[in-house]
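What follows is a set of notes on a single structure, which appears directly below.
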Amino acid sequence: MVPEPEFTSYYGRPVVKPAPWGDDVAAYLFLGGVAAGSALLGLGGQLTGRPTLRRNARLSSLTAVGFGAVALVRDLGRPERFLNMLRTLKLTSPMSVGSWILSAFSIGTSVTAVAEIDRLSGTRLPLGPLRTLLQAVEGPAGFEAALFAGPLAAYTAVLLGDTATPTWNAAHEELPFVFVSSAALASAGLAMITTPVHEAGPARNLAMLGVVGDVVATRVMEHRMDPITAEPLHQGKAGAMLKWSERLAIAGGLGTLLGGRHRVVAAASGVSLLAASALTRFGVFEAGLASARDPRYTIEPQKNRLAARRAAGITGDSITTAS
């Protein structure tokens, strides 16, 4: 009897180099989702006559995108490196396109937030004649920020899936849906914490959509991935974070559905949803890094794909004849 061969790689080294990203990038992934969803809620408050929701969502959006930019610059090392990415637009590069999306979104959300701050101060900001211009562009700026909110929430998933990192790459088709749903959870949860329940109806609706989308998209993603590359999503630190993310999302959704009109329950549900979103982003991030460190997650799925092509009768291309 010939024993089953054991997997090995050259000196046990990783086949692909792990992404040189730390927790600053994971925080940026989360904060970008908060900012994007909050901009949508700000537009909802603007269109439905909910001034408190509009104000809180706009200020949340600016705060999140500001801290997200700080996290991104910390990872880059120097601020001018971000500015260098704006010297050109490369449509085939998710990082290049994402830089422009972030910049365009930041302009709109900054204008709306400054308008809210000016109202809070009793129009005491030293704007002079610019106040008239600010008031004129405030409404269109709300639409502009909301227009770029979806791309901002999704492009980071495209960026991860475009790498050679095994788990991220294997999830590239469904990961944008997971991230957009996660953004809905985070922004709705934050609005439910900061906004009175009589104005938080749009946030509750967005929260329920986010819970359903997050749970369903994550399950579909895991089901369609190669079982080997899906393993890091269920193991170790990443597995624990993603398991708790699902639990907190469901708990927050139930709280929103059953007691979302009660201020204390709404706030507690909001905290649960916000935490669920953060754990999703950090969990997916950690799972990808773990998959890159272990060469098994690169080689075994390649062997499985090769065997599947040969079993389907595909034997004359460069992939099946290279071995």
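See the values below:
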{"read-out": "Simple spin-label estimate for residue 240 and residue 164 in nanometres, 7 Å along Cα-Cβ", "value": "3.2"}
{"read-out": "Structure-based [θ]222 nm, the chain - -39500 (n - 2.57) summed over DSSP H runs of at least 4, per residue, nearest 500", "value": "-26000 deg cm²/dmol"}
{"read-out": "Cβ-Cβ FRET estimate between residue 258 and residue 226, R0 fixed at 41 Å, reported to 0.05", "value": "0.60"}
{"read-out": "Residue with peak Gaussian network fluctuation, the chain [Cα springs, cutoff 10 Å], from 309, 55, 81", "value": "309"}
{"read-out": "Distance (nanometres) between label positions extended 7 Å along Cα→Cβ at residue 133 and residue 302", "value": "5.6"}
{"read-out": "Residue 143 versus residue 247: modelled label distance in nm, points set 7 Å from Cα along the beta carbon direction", "value": "4.6"}
{"read-out": "Surrounding net charge for residue 254, when Lys and Arg each add one and Asp and Glu each subtract one, Cβ distance under 13 Å", "value": "+1"}
{"read-out": "Residues 165, 88 arranged by fewest to most Cβ contacts within 10 Å", "value": "88, 165"}
{"read-out": "Within a Gaussian network of the chain (alpha carbon springs, distance under 10 Å), most fluctuating of 93, 181, 61", "value": "93"}
{"read-out": "Viscosity 1.002 mPa s, 20 °C: Kirkwood-radius Stokes-Einstein D of the chain over Cα pairs, µm²/s", "value": "102"}
{"read-out": "Cα centroid of segment 116-145 to Cα centroid of segment 13-91, whole Å", "value": "22"}
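A short reminder: the numbers here are calculations on the coordinates, not readings from a lab. Quantities reported herein were computed from a predicted structural model and do not represent experimental measurements. Every residue, glycine among them, receives a Cβ derived from its backbone with ideal geometry; neighbour counts consider all protein chains shown.
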